[in-house]
Amino acid sequence: MTLTSQDLARLIDLSSVRAECDETEIRELAATARALGVVCAFSLPCYTRLLKSLLADAPHIGIGGVVGFPSGAHTASIKVAEARQLLAEGATELDMVINVGFLRSGRHEAVREDIRAVVDAAGGVPVKVILECHWLTPEQIRSGSELCVEAGAAWVKTATGWAPTGATLDNVALIHEAVGGRAGVKASGGVRDLATVVAMYRLGVRRFGIGTANGVRILADCAAQAGGGVEVS
């Protein structure tokens, strides 16, 4: 199977979610998302309304909102309120951060209910749950992935991009095995080149969280391949 650059763009969540992002960068995010035809664009919550307005004429590009970002240590009620506000301001997908400390503490029921509260508040809007794998053992990654599925998450995601690591081949393989096709797998936090995208696609990843500059470069590299795409099967 060959993925063209257009195919690959529809697997990319283009993001500008660093603390220092300003309005100029959000405008660049919107313009780049439109030019590349990516599936979704993500900003920090304070820019959701602006991002929605900038992409109002591009309904094929989703508006992503981040919940409990980046620590995941918000109370469930705060995450629910944030999810509802993001949806009211135009978000069409939500990426929430798991309560990492609760997972590390073995408080699985609390983790499950935290996720379920946001899934319920989303009312059918897809929720991706960020594990922040850098801080977890392999067993905690497996357990966290299972809890995401049990709570109704649509996707399990490796990282926020704020931790030192996140999207490694080992991590995405662990998540893919744990969810067993019951949820999608999103790789984020370290996806910076086409070779990594291809390797992770082969391991079951079907959504990639990528910063603007890396997204432009990866899609240009894909278009420059012989035949205009990359072999992934």
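The numbers here are math on the coordinates, done by the rules we state, and not lab data. Bear in mind the structure is a predicted one, so any value in this text is a computation, not a measurement. Note that we place each Cβ from the backbone using ideal geometry, even for glycine, and neighbour counts take in every protein chain shown.
Odds and ends about this structure:
- In the chain, the DSSP-assigned H stretches of four residues or longer account for a calculated mean residue ellipticity at 222 nm of -13500 deg cm²/dmol, using -39500 (n - 2.57) per stretch and the full residue count as denominator.
- For segment 203-221 versus segment 164-192, the inter-centroid distance based on Cα atoms is 14 Å.
- Amide H contacts for Val156 (H built 1.01 Å from N in the peptide plane; partners 5 or more residues away or on another chain; cut-off under 5 Å): Val129, Gly184, Val185, Lys186.
- Here the label points at Asp170 and Ser71, each 7 Å from Cα along the C-beta direction, are separated by 2.8 nm in the simple model.
- Full extension of the chain between Ala223 and Glu25 yields a length gain of 68.8 nm, computed as 0.36 nm times the residue separation minus the alpha carbon distance.
- Straightening the chain between Ser233 and Glu139 buys 31.0 nm, computed as 0.36 nm per residue apart minus the Cα-Cα spacing.
- Placing +1 on the Cβ of every Lys and Arg and -1 on the Cβ of every Asp and Glu, with nothing else charged, gives segment 99-200 a dipole about its Cα centre of roughly 160 debye.
- Cα centroid separation, segment 5-50 to segment 51-107 (Å): 15 Å
- Scalar couplings 3J(HN,Hα) for segment 123-128, obtained by applying the Karplus form with A = 6.51, B = -1.76, C = 1.60 to θ = phi - 60°, are x, x, 5, x, 10, 9 Hz; x denotes Gly and Pro.
- In nm, spacing of pseudo-spin labels at Glu150 and Thr2 (7 Å Cα→C-beta vector): 4.5 nm
- Estimated at 0.36 nm per residue, the fully extended path between Ala81 and Asp57 surpasses their Cα-Cα distance by 5.9 nm.
- Most mobile of Thr32, Thr160, Thr24 in a GNM of the chain (Cα contacts under 10 Å): Thr24
- Between Asp120 and Arg206, the C-beta separation translates, for a Förster distance of 30 Å, into a calculated FRET efficiency of about 0.80.
- When peptides 36-44, 57-65, 125-133 are sorted by average Cβ neighbour count within 10 Å, with the highest value leading, the order is 125-133, 36-44, 57-65.
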